[in-house]
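The numbers here are math on the coordinates, done by the rules we state, and not lab data. The model shown is predicted, which means the values in this text are computed figures rather than measured ones. A quick note on method: Cβ atoms are made from the backbone with ideal geometry, for glycine too, and the neighbour counts reach across all protein chains shown.
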Amino acid sequence: MTVLVTGGTGVLGSHVVELLRGRATPARVLSRTRGDVVGDLVTGEGLAEAFDGVETVVHCASEPRQPEHDVQAAAQLLLAARAAGVGHVVYVSIVGVDRVPYSYYRAKLQVEELIADGGVPWSVLRATQFHSFVPFLLDRFTVGGITLLPRGVADQPVAVEEVAQRLVDLVDAGPSGRVDDLGGPEVIPAGELARMTYAAHGVDRRVVELPFPGKAFRALRAGAHLTPQHAEGRRTYAQWLAQSS
C-alpha cells in the first residue's frame, strides 16, 4: 500500500513518514519544493503524478498564516484523490475548531466538512496543540521582556510523535470517520506553562496575566480547545522540556 503524506517534511508529517517507512510501508512525500514528488496543493499543479498509484493519503500540510490556502488545498486534494481512485484520506485537525471563533480554526473546520462530503472514504483526528507550540506562543506574547498571557486560559500539550502514531493507526484501520480526539495527559494553566518553560531554559522573565477581550479568548477560557475526557497522551510537558532543553 502506497501512502502519500502531504506536509511530509513538516513537524508532524516527518514523524508520520518515519513511522510508515520504519515498518516498510511505502511512503511518498508531497512537497512544493523538496519531497519525493513535487506538487502544489493550492493550485493543483503536479497532483496527478503525485497521486498516481496511491491508496491512502495522510493530509498534514497546513498554512496557519494563510488559512484560506488550507481550504483551497483540501479541494484540490480531493479532486486529485477521486481522479486517482484513492481509497482513504486521513486528516489531522485541531480540538475546538467548531467552538473557537478564530480564522485558522474556521478554515480547519471547513476542511473537515469538505473531506466529509468529498466523495473519498475518510478519517479525521482532532488533536490538541503540540508541546513545541507552547514556547512558540510564549515568544509571540512577549513584549519588552514581559510575557503577557490571557488570564484563565489553560492548554493541554500533546507529543507530536503520539499524534503521528495515531494517524498511522488510522491508516491501518481504514476509513473511520470522525474518531475520538487526542489530548495531552495534562491540562495546565498558561501561567504555569510559562514559568515551567522559562525555568527549564534558565530564563528570568516576568509573566503577567490579563483579561484578554474577544470571543476567541472567551472560548479559550471556557476550555473549548481542550479535551480532558481524551487525555490519552503519555509524554508530559515537563518531560518534553527536560528532553528539549
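Evaluate the charge dipole of the chain about its Cα centre and quote only its size in Debye, nearest 20, assuming +1 on the Cβ of each Lys and Arg and -1 on the Cβ of each Asp and Glu.
Working: 23 positive and 27 negative charges, 154 e Å.
That gives the chain a dipole magnitude of about 740 debye.
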If unit charges are put on Cβ atoms (+1 for Lys and Arg, -1 for Asp and Glu) and the dipole of the chain is taken about its Cα centre, the option from 12, 80, 143 lying farthest towards the positive end turns out to be 143
Can you match Cα Rg over 2.2 N^0.38 Å to one of these, (i) 1.04; (ii) 0.97; (iii) 1.08, based on a calculation from the structure here?
(i)
Amide H to amide H, which residues 5 or more places from residue 94 or on other chains are under 5 Å from it, using H placed in the peptide plane?
127
Neighbour-count order for 62, 14, 244, fewest beta carbons within 10 angstrom listed first:
244, 14, 62
Counting DSSP beta bridges in segment 67-226, what percent are antiparallel, to the nearest 5?
20 percent
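Dipole size in debye (nearest 20) for segment 174-245 around its Cα centre, Lys and Arg Cβ +1, Asp and Glu Cβ -1? Could you put the intermediate results ahead of the total?
Working: 9 positive and 7 negative charges, 48 e Å.
In debye, rounded to 20, segment 174-245 gives about 240.
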